[in-house]
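The values are calculated or read from the model by the stated rules, or taken from the named source; none is laboratory data. Because the structure is a prediction, the values reported are computed rather than measured. Quick reminder, even Gly has a Cβ in these numbers, built from the backbone with ideal geometry, and neighbours come from all protein chains shown. The protein model used for the area step is the full one, side chains on, heavy atoms only, and it has no ligands, DNA or RNA in it. Shrake-Rupley method; radii C 1.70, N 1.55, O 1.52, S 1.80 Å.
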Amino acid sequence: MTVPSAAPWTLLEHAPLQSLNTFHVQATARWLLHIADPQALPQALALPAIADQPLLVLGSGSNVLLASDPPGCVLCFGNRDIAIVAHHADHAILRAGAGASWHALVMWSLQQGLSGLENLALIPGTVGAAPIQNIGAYGVQVGEFVQAVEVYDRDLGQFLRLDREVCGFGYRDSRFKREPDRYLIVAVELRLPLLHELRLDYAGIRDELAAMGADMPGAPDVAQAVINLRRRKLPDPDVLGNAGSFFKNPVLPQEQIGVLCHQFPDMPVFPGEHEGQGKLSAAWLIEQCGWKGLREGDAGISADHALVLVNHGHASGAELLALARRIADTVRERFAVIIEPEPRVIGAHW
Ligand code: FAD
Ligand code: EPU
């Protein structure tokens, strides 16, 4: 059913979600609300059919696992406007609507001569979702460039502009991720430099630039190198359903890492964000447990990257979740390390 309305939204009943999640699992939304103009949110959320119902925002569904039908209403943002809202001598402020494509924003910013986002090229998903887990890749996290996040605060019933300092960004974490039912992100403002020092230290970037013949690389060359690396390493969700890394890399105290390094001398260790911490590779832990490339029914682990849970066709969200739990169990039994999912699991407890 479509509720006809002159208002800047549409409300569908019993909407299929298979094309709205990159695992391509089947699920149905009782209600699907599409908002073209976020200013209409208070009015739309008061519609009798959905008022007081649970609400789940979905962008491209590239970081969710729908283990069952989400209860209540699914909300999608259609505002895709991207603009430079302030020019300064050495930087500019770019503002983008929640519904814009993240990768399109990265490429557009580079075309405008702005830099900073090049290492974050080709991350799937929407602009509105980028601050949720502080998306990161190749040594850069989006939080570094966030000027402010514009939200609708459901607890206060108000639109707010939250400066970066209060967004609580961390590794795959933010204030928004910690309070998932409170904030609806309607737009993001980014502070992007005209010139900045390129980050080339992540494994593979320099080699890829050399292979491209980019001796004096600029930010667009780095974006292309990252795109090439990502295309080689990660399965394309349009071909093989997945949500990127299914587990976060575990961050542990140095003492525990020391003990593990003694037992497993080949184990890779990366610096943590805080002193006294280190980060392990969840992919390595999973590969050591023998899961890489394995498949149970249509649920499996990518043969190209041990951190990527994949749907070979008709796996249900519950089957993918069951496999992920078994993987985490074997890692805990072998290494005494707890690994946790990166995507939000909907309709089941991890
Ligand atoms: P969704 O999956 O739709 O939603 C994710 C979460 O954000 C949900 O909790 C949802 O409710 C919430 N949310 C979404 N939009 C809003 C909003 N406007 N307001 C409030 N809450 C909202 N991530 C990385 O960090 N680095 C990577 O390198 C990376 N690589 C990936 C590679 C592949 C092949 C895939 C499939 C995924 C990858 N990801 C990566 C994960 C994913 O792309 C990001 O987390 C992305 O930001 C998710 O965007 P989305 O629009 O699909 O969000
Ligand atoms: N490795 C293995 N087996 C594999 C793959 C990797 O042992 O099959 C080991 C190798 O030692 C390798 C190390 O893991 O050196 C790191 O691998 P990679 O560079 O691919 O990074 P990652 O830790 O697996 C993280 C992010 C990715 C991001 C890349 C690049 C997390 C959870 N994942 O992956 O983000 O694109 O770094 O920066 O932090 C995502 O969040 O969805 C995602 C894809």
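Some observations on this one:
- Proximity of backbone amide H atoms, modeled 1.01 Å from N, is registered between residue 310 and 300, 301, 302 at under 5 Å, excluding neighbours fewer than 5 places apart on the same chain.
- Tensor-based shape of the chain (alpha-carbon gyration tensor, a/c under 1.5 rounded, otherwise prolate or oblate): oblate
- Nearest-20 debye value, the chain charge dipole, Cβ charges on Lys, Arg, Asp, Glu: 360
- Where N is the number of residues in segment 83-193, Cα Rg divided by 2.2 N^0.38 Å: 1.00
- Its DSSP H runs of at least 4 residues, each contributing -39,500 (n - 2.57), put the calculated 222 nm mean residue ellipticity of the chain at -6500 deg cm²/dmol, to the nearest 500.
- Whole-angstrom gap from segment 274-330 to segment 197-251, using each part's C-alpha centre: 21
- Prolate/oblate/rounded label for segment 25-125 (Cα gyration tensor, a/c 1.5): oblate
- Unit charges at the beta carbon, dipole of the chain: most positive-side option, 322, 262, 293: 322
- Here the accessible area is traced with a 1.4 Å probe on the protein chains. For the chain, carbon and sulfur cover 52 percent of it.
- Karplus (6.51, -1.76, 1.60) ³J(HN,Hα), θ = phi - 60°, over segment 198-205, in Hz, Gly and Pro reported as x: 5, 9, 10, 7, 5, 3, x, 5
- With Cα atoms defining each centre, segment 16-44 and segment 134-166 are spaced 22 Å apart in the structure.
- Simple point charges give the picture: +1 on the Cβ of Lys and Arg, -1 on the Cβ of Asp and Glu, and for segment 241-346 a dipole about the Cα centre of about 160 debye.
- Charged-residue dipole, Cβ positions (Lys, Arg, Asp, Glu), segment 119-278 about Cα centre, Debye nearest 20: 320
- Between the listed residues 336, 128, 147, the Cα displaced farthest toward the positive end of the dipole of the chain, a dipole computed from Cβ unit charges relative to the Cα centre, is found at 336.
- Rounded if a/c under 1.5, otherwise prolate or oblate - segment 241-346, Cα gyration tensor axes: prolate
- Once the 1.4 Å probe is applied to the protein heavy atoms, the chain comes out at 46 Å² accessible per residue.
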